[in-house]
Amino acid sequence: MEIVIRNHIRRLRFENDEMTQRELAHRTGCTRQTIHAIEAAKYGPSLELAFKIAEVFGVGVDEVFQYETTPRARDRSGRRTP
């Protein structure tokens, strides 16, 4: 099984006066590139950063992030792909 972390950061930013990635990064002490990677589901935030992001929006971590488990894909030979 593979864990995929989904998030609602983009929606939350726009619901909060169209906050920019740069502003969210500044308020959480990380880089804009980190916020971008998290929004694009290419990077999973640390637990500390996840709590900081939720705090900025005034919501619980579970309202920002959700995880799903999915079976890993297999290649033509039947082996699991990385």
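The values are calculated or read from the model by the stated rules, or taken from the named source; none is laboratory data. Just so it is clear, the structure is predicted and the values come from calculations on it, not from any experiment. All accessible areas refer to the heavy atoms of the entire protein, side chains included, with ligands and DNA or RNA removed. Shrake-Rupley method; radii C 1.70, N 1.55, O 1.52, S 1.80 Å.
By the helix-only formula, in which each DSSP H run with n ≥ 4 contributes -39500 (n - 2.57) and the sum is divided by residues, the chain has a 222 nm mean residue ellipticity of -12000 deg cm²/dmol. Of all the options Arg11, Arg72, Arg32, the one that moves most in a Gaussian network model of the chain with Cα springs shorter than 10 angstrom is Arg72. Using the Stokes-Einstein relation with a Kirkwood hydrodynamic radius computed over Cα pairs, the translational diffusion coefficient of the chain at 20 °C and a viscosity of 1.002 mPa s comes to 156 µm²/s.
Can you tell me the accessible area per residue over the chain, all protein chains present, probe 1.4 angstrom, in square angstrom?
73
The GNM of the chain, with springs linking C-alpha atoms under 10 angstrom apart, assigns the highest mean-square fluctuation among Glu15, Glu63, Glu55 to Glu15.
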